[in-house]
There are 2 protein chains.
Amino acid sequence: MNEEPEARRPACFCLLLLMRGDDGKVLSSVGLGAFIFPGNVWGRFPCTCRLKEGMIMTLLEETINSIGALDSAAQAEARTRLDSLTKPPGSLGVLEEIVVKLAGITGEKCPVVREKVVIVMAGDHGVVNQGVSAYPQEVTPQMVLNFLNGGAAINVLSRHAEARVVVCDIGVIGEIDAPGLVVKKVRHGTADMTEGPAMTRQEAVRAVEVGIELAQAEIASGAQILGTGDMGIGNTTPSSAILAAFSGAPLKNLVGRGTGLDDGRLEEKRKVIEKALEVNRPDPDDALDVLAKVGGLEIGAIAGTVLGAASRRVPVVIDGFIAGAGALLAARLCPQVTEFMLASHLSEEPGHALILELLDLEPMLTLKMRLGEGTGAALAFHIIDAATRIQVEMATFQEAGVSEKDI
Amino acid sequence: MNEEPEARRPACFCLLLLMRGDDGKVLSSVGLGAFIFPGNVWGRFPCTCRLKEGMIMTLLEETINSIGALDSAAQAEARTRLDSLTKPPGSLGVLEEIVVKLAGITGEKCPVVREKVVIVMAGDHGVVNQGVSAYPQEVTPQMVLNFLNGGAAINVLSRHAEARVVVCDIGVIGEIDAPGLVVKKVRHGTADMTEGPAMTRQEAVRAVEVGIELAQAEIASGAQILGTGDMGIGNTTPSSAILAAFSGAPLKNLVGRGTGLDDGRLEEKRKVIEKALEVNRPDPDDALDVLAKVGGLEIGAIAGTVLGAASRRVPVVIDGFIAGAGALLAARLCPQVTEFMLASHLSEEPGHALILELLDLEPMLTLKMRLGEGTGAALAFHIIDAATRIQVEMATFQEAGVSEKDI
């Protein structure tokens, strides 16, 4: 668990905090506006929150409350086996770290993540009216159809990684009538965030909940690992705005060319984001406020996918910049969720390195990619799969009759 | 082609230079000690060299002479197709660069590299007497048996990547009698390089030629891409010495912990390498002199694997630090060979970044690995495979009815 003070901020919006024991019973609760920070034992308890006092718990609240800590006993067992394999201890670097993380998530010394699903969330953005994208807005539904026909990069890379692709329309402007599409439209595109909030708070909650629902449904159908994907012309703009709102870092470091803006258009994009932040003043201590004011429907849904995976103790692979913004929202709703994340690649978008830093994650791949769709996550599946096979298939020093370290 | 002056140095040891036209006929030749540097047209001709005047050309000479330039027409065709696919141009970053490189190597717009082979070269090192390794020397033959039994990391990762593993004893101290092992022993381990040359110049040439022979044989049997692997207790020491000899960089930046030395032993290892360089004074303008004096048999054989692959226009994936030292030797023998290389991962050994810089290569994976055996190369096969599938399987803008960039 991230122990920095920032990581605890999401508790700020909780109106009722519950502390539970290992048996799930409520040990204590504190009402409106109060906090419990039990210092270094905090990480041993599930995140707990209630968004509205006195009401039946929402799916979002329930989900956050059910996210627990990693299984440290399984992690220790996994580490012991890794150190018995015929290689210098730790010499497989991140592959070994992945095995230990997956052991903590799944509770298995030899974790298995064969069944892979990439969930691609698609939505449109009112802010595209401000000229922030190099491609026209009609490309969002066109690409959704391309996904459903298997012709996009995410389809090719997912087939190669033996992963299924699930495509969800959470907020494309037009109606897409195509077999295989999961339609969970929260609204027809966001509003232009330079003129006011991108969506209402209720819509923000609903977007996150759609992600939770889909993640939990796929896991119920057998998924053992999820990848996060996105499609939405213009969506690097809300992603940069979300990152700016949470980090307070200068916009020039957080705004990139997206699908290929030239210098002039890049400068305009920065000004658009600056205006959106001025007009809306999102509260960095309130993740749902940030999402509602300067976010995107598919970004909220990605946050939900992440929370949904963690609530079912399933690892989730974060793609690039847009998925990173979604993951950051999830981490501000429940800091412990970062333990369930694996970062796939370092994107060419300049703000991505900061997102990974805030999430305390390191990327496996440095491929200068900037496509989104979940493409980095699909590639990372190979590395994660490889790690799990190392743990199962390698011979131990004893089995192979190999001498151990002599100093 | 690398156009820096250093890149041309290997011509220094050539006693007869031949310039050939596209039809293979000799256009001109220049005798003992002369040079031809046709400036910016150099890259259009194969590297040419002869190591001993008046004799029948050796395999090494023939191989170097047969390494040509990339096929720029195939590269242009590959780029045109990549830009027609449903993604912003260049947005798949290194995946696209891989496709273009493979097109240049193979001459195919849609290159295919399904048949994959990792060649693991095993040898021992006299310098181990100086206490430079955390593991005893007996581990070299023990690990060779582990490779043949399929229990090592390289076996697991190669199975996962659908690659074959070929293991060659080029200089292990004892005799290993095991089915499946390719025995091409040049000598029983190198001599202790703190007391004189690690091997003779003839042995150095032979080590490289064994690598060429194996690479060419595997390609004749159908291999479409090779990975380079190594096994040899103590072999980060000669690798650091080779890098120091070529680069002149300070030893403190080039010497690492190998399989896990503590601070004291690390400092001793630095001194051992310092002494070996003082005793032998390898000539940085003569790659075979560097290999003979401070190299290793398996490192020379890796250089040969690289040259052999390039001579048959087959891409070769460079693993980590030891394979990198072999690749650097190959590049000093024939600068053009770097065009046929793909760098897999960035090793934890501190000198590896400099090797990649000298080779003008960037790694795909950042996994903090330091195992060798070809493990990074096996993992990189997934990424390379993915790149080739993108080129074949993705829909074009026209096929998918997706609008193109509007600015």
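The values are calculated or read from the model by the stated rules, or taken from the named source; none is laboratory data. Note that the structure is predicted; figures quoted are calculated from it, not measured. Here the Cβ is made from the backbone with ideal geometry for all residues, glycine too, and neighbour counts use every protein chain on show. For the accessible areas, the whole protein counts, side chains as well, though only heavy atoms, and no ligand, DNA or RNA atoms are used. Shrake-Rupley method; radii C 1.70, N 1.55, O 1.52, S 1.80 Å.
Observations
- Matching option when the condition is open to solvent by less than 50 Å² (accessible area, probe 1.4 Å) and either free of Cβ contacts under 8 Å to residues at least 40 places away in the same chain or more than 7 Å from chain A (Cβ to nearest Cβ) (or both), among B:Ala400, B:Ala377, B:Ala395: B:Ala377
- Exactly one residue out of B:Gly264, B:Gly248 is surrounded by fewer than 24 Cβ atoms within 10 Å (Cβ to Cβ), in the same structural domain as B:Ala122 (by TED's automatic domain parsing), modelled with pLDDT of 95 or more and in contact with a Pro (Cβ under 8 Å, 6 or more places away or on another chain): that is B:Gly248.
- Qualifying residue in the stretch B:344-362 (condition: surrounded by fewer than 18 Cβ atoms within 10 Å (Cβ to Cβ), facing another protein chain (nearest Cβ under 9 Å), without any contact (Cβ under 8 Å) to a residue 24 or more places away in the chain and of a type outside the set (Asp, Glu)): no
- Pairs with Cβ under 7 Å, 6+ apart, first in the stretch A:57-73 and touching a residue at least 24 places away in the same chain (Cβ under 8 Å), second in a helix (DSSP H, G or I) and open to solvent by 40 Å² or more (accessible area, probe 1.4 Å): A:Ala69/A:Arg44; A:Leu70/A:Glu339
- Filter pass, B:Leu365 being of a type in the set (A, V, I, L, M), under 26 Å from A:Ala380 (Cβ atoms) and either at the interface with chain A (Cβ under 8 Å from one of its Cβ atoms) or open to solvent by 10 Å² or more (accessible area, probe 1.4 Å) (or both): yes
- Scanning the stretch A:105-126 for any residue that is more than 18 Å from the chain's Cα centre (by Cα), crowded, with 24+ Cβ neighbours inside 10 Å, modelled with pLDDT of 95 or more and within 16 Å of B:Val402 (Cβ to Cβ) turns up at least one such residue.
- Among the residues examined, A:Ala191 does not qualify as of a type in the set (A, V, I, L, M, F, W, C), under 29 Å from A:Cys334 (Cβ atoms), under 20 Å from the mean Cα position of the chain (by Cα) and more than 14 Å from chain B (Cβ to nearest Cβ).
- A single member of B:Gly308, B:Gly372 is buried (at least 24 other Cβ atoms within 10 Å of the Cβ) and on the phi > 0 side of the Ramachandran plot, and it is B:Gly372.
- Any hit, the stretch B:165-180, residues being under 23 Å from the mean Cα position of the chain (by Cα) and either among the polar types (S, T, N, Q) or surrounded by fewer than 20 Cβ atoms within 10 Å (Cβ to Cβ) (or both): no
- Per-region count, the stretch A:363-383, residues touching a Leu at 6+ places or on another chain (Cβ under 9 Å) and farther than 11 Å from B:Val94 by Cβ: 14
- The stretch A:142-166 residues that are without any contact (Cβ under 8 Å) to a residue 12 or more places away in the chain and assigned by TED's automatic domain parsing to the domain that holds A:Gly211, paired with ones that are hydroxyl-bearing (Ser, Thr, Tyr) and open to solvent by 10 Å² or more (accessible area, probe 1.4 Å) (beta carbon under 7 Å, 6 or more apart): A:Gln142/B:Ser403
- Search result, residues across the stretch B:275-314 that are part of a loop (DSSP other than H, G, I, E, B) and in contact with a Leu (Cβ under 8 Å, 6 or more places away or on another chain): B:Gly295, B:Val314
- Inside the stretch B:260-307, residues that are among the acidic types (Asp, Glu) and under 17 Å from the mean Cα position of the chain (by Cα) make up a count of 1.
- Residue match in the stretch B:267-274 (condition: in a strand (DSSP E or B), outside the structural domain of B:Glu108 (by TED's automatic domain parsing) and free of Cβ contacts under 8 Å to residues at least 40 places away in the same chain): no
- The helices (runs of 4 or more DSSP H) located wholly in the stretch B:65-177 that include 2 or more residues which are facing another protein chain (nearest Cβ under 8 Å) occupy B:93-106, B:139-148, B:153-160.
- Top-ranked residue of the stretch A:380-392 - restricted to ones that are touching a residue at least 12 places away in the same chain (Cβ under 8 Å) and farther than 13 Å from B:Leu367 by Cβ, ranked as most open to solvent (accessible area, probe 1.4 Å): A:Val392
- Yes/no for B:Ala204 being in a helix (DSSP H, G or I) and open to solvent by less than 20 Å² (accessible area, probe 1.4 Å): yes
- Residue check for B:Glu278: open to solvent by 60 Å² or more (accessible area, probe 1.4 Å) and either of a type outside the set (A, V, I, L, M) or touching a strand residue (DSSP E or B) at 6+ places or on another chain (Cβ under 9 Å) (or both): yes
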